[in-house]
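Working notes, beginning with the structure itself.
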Amino acid sequence: NAGVTQTPKFRVLKTGQSMTLLCAQDMNHEYMYWYRQDPGMGLRLIHYSVGEGTTAKGEVPDGYNVSRLKKQNFLLGLESAAPSQTSVYFCASSNGLARTGSYNEQFFGPGTRLTVL
Amino acid sequence: AQRVTQPEKLLSVFKGAPVELKCNYSYSGSPELFWYVQYSRQRLQLLLRHISRESIKGFTADLNKGETSFHLKKPFAQEEDSAMYYCALSGLLSGSARQLTFGSGTQLTVLP
């Protein structure tokens, strides 16, 4: 299994350009998440999805849109990139309750490093 | 609101020395806490969770509700422990989808 994969690995954009980051998971997980990681800060949740066809806002959703048309894919879009969106973006997936009653861990992708000039 | 604080951005210890990475949290409910680790050029991965009460790679972490802390400890650090460590608190989003609130991370360097 590849686990969680992200494309592209690196990207440089000019202010105002648009792009889409793709996250794919092959673990049949219901839940998927997009985080951003900035220097000196922890990962912050942008958007998440609890199933195919559903999305919801996280902590820092402004400037981003997402779609979950297929269970295995979660797309993050930037319609008009801004320098403040320069960051490392991580996708994660998880699958509800474990048999122990605790919540299953989130599995992370390798990250996409985005620079907006 | 839930918050996780890791007061040390950088921590260096010598090989064989004890290491403690601090984590404090604020959360109104019953917390579920985790330590994630990111080795150089690798993805973020779960190290341990408080509910399991297990030791992974010699690391342990005890949840202290009175002090709202979840410090990560290892009695004898190894060079391969050098990595970025994130403490995370799990809060409910919807259904059983969980939001992980991360601390800002501690970069641990184990010196030879």
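Working only within the stretch B:22-38, note down all residues that are among the hydroxyl-bearing types (Ser, Thr, Tyr) and over 19 Å from residue B:54 (Cβ atoms).
Of everything in the stretch B:22-38, those that are among the hydroxyl-bearing types (Ser, Thr, Tyr) and over 19 Å from residue B:54 (Cβ atoms) turn out to be B:25, B:26, B:27, B:28, B:30.
If you scan the stretch A:49-78, which residues turn out to be within 13 Å of chain B (Cβ to nearest Cβ) and either among the acidic types (Asp, Glu) or within 23 Å of residue A:3 (Cβ to Cβ) (or both)?
Passing the criteria: A:49, A:50, A:51, A:54, A:55, A:58, A:59, A:68, A:74.
How many of the residues in the stretch B:56-85 are farther than 15 Å from residue B:36 by Cα, among the polar types (S, T, N, Q) and free of Cβ contacts under 8 Å to residues at least 40 places away in the same chain?
Matching residues across the stretch B:56-85 total 1.
Given the stretch B:39-112, what strands (runs of 3 or more DSSP E) lie entirely inside it while holding 1 or more residues that are at the interface with chain A (Cβ under 9 Å from one of its Cβ atoms)?
Fully inside the stretch B:39-112 and qualifying: B:45-49, B:83-94, B:97-102.
I'm trying to understand the selection: among the residues of the stretch B:50-71, which are out of contact with any Cys (no Cβ under 7 Å at 6 or more places or on another chain), open to solvent by 30 Å² or more (accessible area, probe 1.4 Å) and within 27 Å of residue A:33 (Cα to Cα)?
B:50, B:51, B:52, B:53, B:54, B:56, B:63, B:68
If you scan the stretch B:18-28, which residues turn out to be surrounded by fewer than 20 Cβ atoms within 10 Å (Cβ to Cβ) and in contact with a strand residue (DSSP E or B) (Cβ under 8 Å, 6 or more places away or on another chain)?
Hits for the stretch B:18-28 are B:18, B:20, B:22, B:24, B:26, B:27.
When you check residue A:89 against the structure, is it modelled with pLDDT under 90 and in contact with a Lys or Arg (Cβ under 7 Å, 6 or more places away or on another chain), yes or no?
no
Considering only residues that are under 20 Å from residue A:95 (Cβ atoms) and outside any strand (DSSP E or B), look in the stretch A:12-30 and name the one that is modelled with the highest pLDDT.
Within the stretch A:12-30, the match that is modelled with the highest pLDDT is A:26.
What are the pairs with Cβ atoms under 6 angstrom where one residue, in the stretch B:1-12, is aliphatic (A, V, I, L, M) and the other, located anywhere, is open to solvent by less than 50 Å² (accessible area, probe 1.4 Å)? Sequence gap at least six, or different chains.
B:4/B:25; B:4/B:87; B:4/B:89; B:4/B:101; B:4/B:103; B:11/B:106; B:11/B:108
Which condition does residue B:16 not pass, out of (1) outside any loop (DSSP other than H, G, I, E, B); (2) on the phi > 0 side of the Ramachandran plot, if it passes all the others?
So the condition that residue B:16 fails would be (1).
Tell me, yes or no, whether the stretch A:5-13 has at least one residue that is surrounded by 13 or more Cβ atoms within 10 Å (Cβ to Cβ) and either closer than 30 Å to residue B:1 by Cβ or within 12 Å of chain B (Cβ to nearest Cβ) (or both).
Checking the stretch A:5-13: at least one residue is surrounded by 13 or more Cβ atoms within 10 Å (Cβ to Cβ) and either closer than 30 Å to residue B:1 by Cβ or within 12 Å of chain B (Cβ to nearest Cβ) (or both).
Would you confirm whether any residue within the stretch A:63-81 is outside any loop (DSSP other than H, G, I, E, B), of a type in the set (Lys, Arg) and open to solvent by 10 Å² or more (accessible area, probe 1.4 Å)?
no
Can you tell me which residue is most open to solvent (accessible area, probe 1.4 Å) among those in the stretch A:31-46 that are more than 8 Å from chain B (Cβ to nearest Cβ) and in a loop (DSSP other than H, G, I, E, B)?
The residue in question is A:39.
Given (1) open to solvent by 10 Å² or more (accessible area, probe 1.4 Å); (2) within 11 Å of chain B (Cβ to nearest Cβ); (3) of a type in the set (S, T, N, Q), identify the lone condition not met by residue A:93.
Exception for residue A:93: condition (1).
The values are calculated or read from the model by the stated rules, or taken from the named source; none is laboratory data. Note that the structure is a prediction, hence the values are computed from the model and not measured. Virtual Cβ from ideal backbone geometry, glycine too; neighbours counted across all protein chains shown. Remember, those area values only see protein heavy atoms, side chains included, never the ligands or the DNA or RNA. Shrake-Rupley method; radii C 1.70, N 1.55, O 1.52, S 1.80 Å.
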